[in-house]
Amino acid sequence: DAGVTQSPTHLIKTRGQHVTLRCSPISGHKSVSWYQQVLGQGPQFIFQYYEKEERGRGNFPDRFSARQFPNYSSELNVNALLLGDSALYLCASSSQETQYFGPGTRLLVL
Amino acid sequence: AQSVTQPDIHITVSEGASLELRCNYSYGATPYLFWYVQSPGQGLQLLLKYFSGDTLVQGIKGFEAEFKRSQSSFNLRKPSVHWSDAAEYFCAVGGMDSSYKLIFGSGTRLLVRP
């Protein structure tokens, strides 16, 4: 079975630009979560969506937004990029208690 | 406050030696506990999880972890480390009260000496 897929794998942007990251969950999983992992740290929770509804939001500014589509795939959008947004963005899908992670999208903001 | 502490930033062990990685958590409700492993530039792979029941849980790749409620700990162990185990290990806590969103520790980097 296919795992969680994310695209793109790598991305380079400049300050002030916006970015859209995409995630496809494991087949049958209805919940998608997004995490930001800055170099040298553990992942930090950004958003969780379940059945297209936002179920939770972490301590991130309004520049970060997300949505989930009818097929349960998801997008994470970040506006007005800052240097500090450079990180590995991880998507996880879950059916209930256990989250399974994708390979991540590495974003570099110059 | 909900948090996870992994007190060891780096650990170096010799191949074939035993391993224990420490994890302490603070969580107000019944915790669901996880260990994930991350190889350089990769996503997170689930090693094992604890929800309830037997406090000693077995995972993939020969890893096990023991939940000790009195110590708020969930330490990861392996009896004999292989060179391929070199990676970063993350402990995480979640629960039904927080819709299972995960709180991660800062990770422990495992180095394996040949």
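A few remarks follow.
- P(r) tail fraction, the range A:18-62 - alpha-carbon pairs more than 18 Å apart, %: 36
- Rounded Å value of the spacing that divides the Cα centres of the range B:60-114 and the range A:27-62: 21
- Karplus 3J(HN,Hα) series, Hz, for the range A:75-88 with 6.51 cos²θ - 1.76 cosθ + 1.60 (x for Gly, Pro): 10, 10, 10, 10, 9, 6, 4, 10, 4, x, 7, 4, 5, 9
- Histogram of C-alpha separations across chain A, 5 Å bin width, %: 2, 13, 25, 26, 19, 9, 4, 1
- Here is the size of the range B:52-114 from its Cα atoms: Rg then Dmax, 13.5, 44 Å.
- Trypsin sites (Lys or Arg not before Pro) lying in DSSP loop within the range A:1-43, provided at most 14 other Cβ fall within 10 Å: A:15
- By DSSP, the beta bridges lying fully in the protein assembly as shown are antiparallel in about 90 percent of cases.
- Radius 13 Å from Cβ of residue B:111, net charge of other residues (Lys, Arg +1; Asp, Glu -1): -2
- Gyration tensor over alpha-carbon atoms, the range A:56-104, equivalent ellipsoid semi-axes in Å: 22, 13, 11
- Amide H contacts under 5 Å for residue B:8: B:22, restricted to partners 5 or more places along the chain or on a different chain, H placed in the peptide plane at 1.01 Å from N.
- Peptide B:81-91 has a mean of 1 when you count, residue by residue, the C-beta atoms of other protein chains within 10 Å of its C-beta.
- Residue-wise HN-Hα coupling along the range B:59-65, computed from phi with Karplus coefficients 6.51, -1.76, 1.60 (Hz; x: Gly, Pro): x, 7, 6, x, 8, 9, 9
- Likely footprinting exposure, B:85, B:8, fewest C-beta neighbours within 10 Å first: B:8, B:85
- Whole-Hz couplings from phi, Karplus 6.51/-1.76/1.60, listed for the range B:85-93; x for Gly and Pro: 7, 4, 4, 9, 10, 10, 9, 9, 10
- Amide hydrogen neighbours beyond the local backbone of residue B:15, cut-off 5 Å, H modeled: B:113
Computed from the coordinates by the stated procedures, all read-outs in this text should not be read as laboratory data. Keep in mind that this is a model prediction, so the values were computed, not measured. Neighbour counts run over all protein chains shown; Cβ positions are idealised from the backbone, glycine included.
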